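Q: Below is the structure I would like to discuss, written out as structure tokens.
The values are calculated or read from the model by the stated rules, or taken from the named source; none is laboratory data. Just so it is clear, the model here is predicted, and its values are computed rather than measured. Every residue, glycine as well, gets a Cβ built from its backbone with ideal geometry; the counts of neighbours run over all protein chains shown. In case anyone asks, the SASA skips ligands and DNA or RNA and just uses the protein heavy atoms, side chains included. Shrake-Rupley method; radii C 1.70, N 1.55, O 1.52, S 1.80 Å.
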Amino acid sequence: AETAGCSHCAQVEGWQGNTAETKILSTSASSGGGPAAGVGKQQVAYKGMWDAFVRTVKEEGVLSLYRGIGTNIIKVGPSIAIAFVTYEQLKEILDVRPGVGAG
């Protein structure tokens with residue numbers, strides 16, 4: 001359970017950079033500098049990651065940095081559970097005991 005909590009914390013902490021990176025990639029991938037798809041604002045290229053981060057907070061608020069994180073957490077939870085159960089089952093099958101060396 002502690003590992004799952006740590007992984008979720010890491011997902012939340014790293015998500016802001018993902019949001020800024022997505023904004024940079026979406027502006028550089030589009031052509032013509034017209035309005036952003038579905039946003040209706042004039043698209044201006046970002047100078048870099050920090051610029052995207054700062055402008056996102058100024059224009060859309062801090063919570064916009066976490067847009068889409070709910071779906072990611074829903075995805076990560078089951079994968080952590082599966083990895084944990086698999087690890088424990090393999091430890092039991094291979095008879096791995098703490099403190100016992102291979103020699």
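Q: How much length is gained on full extension from Val76 to Met49, taking 0.36 nm per residue of separation minus their Cα-Cα distance?
A: Numbers: separation 27, 0.36 × 27 = 9.72 nm, distance 2.50 nm.
Result: 7.2 nm gained on full extension.
Q: In what sequence, highest mean first, do 87-93, 19-25 appear when ranked by Cβ atoms within 10 angstrom? Walk me through the intermediate numbers first.
A: Working: 87-93: 10.1, 19-25: 16.9.
Highest-to-lowest ranking by the protection proxy: 19-25, 87-93.
Q: What part of the accessible area of the stretch 43-102, given as a whole %, is carbon or sulfur when the probe is 1.4 angstrom? Working shown, then result.
A: Values: 3100 of 4640 Å².
Accessible surface attributable to carbon and sulfur in the stretch 43-102 totals 67 percent.
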